[in-house]
Amino acid sequence: MRNKKIIGALLAVTAIASFGLSGCGSSNGAASKENDKTITVAASPTPHAEILNKAVKPLVEKDGYKLVVKEFTDYVQPNTATEEGEVDANYFQHKPYLDNFNKEKGTHLVSVAGIHFEPFGLYPGKTKTLDALADGATVAVPNDATNEARALLLLQDAGLIELKNPKDINATTKDITSNPKNLKFKELEAAVVPTVIKDVDIAALNGNYAIQAGFDPTKDTLATEKAGGLAAKTYQNILVVKEGNENTDKTKELKKALKSSEVRDYITKNYKGAVVPVF
């Protein structure tokens, strides 16, 4: 009987010790998470990742943080990674695209800061000027809802088409009411558009893809959005996090660095109008 009591007491002590160790382990894990100083951001290579690596990284490092930039060449994976917690934030898109993505995918992503604007442009493919466009010419445009509408609005501003609602940021090719040159539209994923530039007459490109394709958005466009117009306000590129992370220390640090005078100067100096700071 006495032996049973001793064994029981030993088991109880072991259980308490195990619980204590387990509790300490949990506490340390939480503290480790709270003290995590690595900020991971998903971004398009140009100009977003460049801005982060060359202008933002030195600023956050001064505050004791480490910045890790994961580059993506498409417009889907950065949002998926942010939603699933694989990264702390992303920087590659504008608000209309984000709103449409949340609606279609059921994600819970929010904008926390507007950083820059990349004028959308029409670029030459087989045809070098808009006046030289032949009847039935082919135009490559992004196939996602917001960027296709942006392309159509720009084509309208260039006098090539007319839309049912001339200010509709959700317009599709079905909303074209006048197309005097009978333009044919090749609708492709935004990242694919620059790869077919030699096979189409003209193409509508996002600023980052135009730069990656070797174009100079300040010199090579056949038509471009005005920096002070509606497009600049509507399509400014934003810093995005998952809902609930708007006020974390990491988000505050990243937002502060991205909206700094150092980043503004870097953008202005290096992109010469192809990328325009909005803060």
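Relative contact order of region 121-224, taken over Cα pairs closer than 8 Å and 6 or more residues apart, is 45 percent.
Debye-formula intensities of region 121-224, expressed as log10 I(q)/I(0) at q = 0.16, 0.19 Å⁻¹, are -0.60, -0.86 (one equal scatterer per alpha-carbon, no solvent). In sequence order, region 126-143 has phi-based couplings of 6, 9, 8, 9, 5, 5, 8, 4, 7, 4, x, 4, 9, 10, 8, 9, x, 9 Hz under the Karplus curve 6.51 cos²θ - 1.76 cosθ + 1.60, θ = phi - 60°, and Gly or Pro positions carry x.
With contacts taken as Cα pairs under 8 Å and at least 6 residues apart, the chain reaches a relative contact order of 26 percent.
What are the GluC sites (Glu not before Pro) within region 48-100 that DSSP puts in a loop, where the Cβ has at most 10 other Cβ atoms within 10 Å?
Details: sites: Glu50, Glu61, Glu71, Glu83, Glu84, Glu86; in loops: Glu84, Glu86.
Here the GluC sites (Glu not before Pro) that fit, given the DSSP loop and packing criteria, are Glu84.
By how many nm would the segment from Lys62 to Asn247 lengthen if fully extended, with 0.36 nm per residue of separation less the alpha-carbon distance?
Values: separation 185, 0.36 × 185 = 66.60 nm, distance 2.02 nm.
This chain segment gains 64.6 nm when fully extended.
Modelled this way, with points 7 Å down the Cα-to-C-beta line, the labels at Asp216 and Phe279 are 2.9 nm from one another.
On full extension of the chain, what length is gained from Lys184 through Lys103, given 0.36 nm per residue of separation minus the C-alpha to C-alpha distance?
On the way: separation 81, 0.36 × 81 = 29.16 nm, distance 2.88 nm.
26.3 nm is the gain from fully extending Lys184 to Lys103.
Shown here is the pair-distance distribution of region 153-194: with all Cα-Cα distances grouped in 10 Å bins from zero up to the longest one, the shares run 26, 53, 21 percent.
Can you give the Rg to Rh ratio of the chain, both from alpha-carbon atoms, with Rh computed by the Kirkwood formula?
That ratio is 1.20, to two decimals.
Between Thr177 and Asp135, the simple spin-label model (points 7 angstrom out along Cα→Cβ) gives 2.4 nm.
Tell me the volume per residue, in Å³, of the convex hull enclosing the alpha carbons of region 90-159.
Numbers: hull volume 8.1 nm³, N = 70.
Convex hull volume per residue, Cα atoms: 115 Å³.
Between Ala190 and Asn143, Asp144, the built amide H atoms are under 5 Å apart, and every one of these is 5 or more places off in sequence or on another chain.
Readers should treat all values here as calculations from the given coordinates under stated rules, not as data from a laboratory. Remember, predicted model here, so these are calculated numbers, not experimental data. For neighbour counting, all protein chains shown are included, and Cβ atoms are generated from backbone atoms with ideal geometry for every residue, glycine included.
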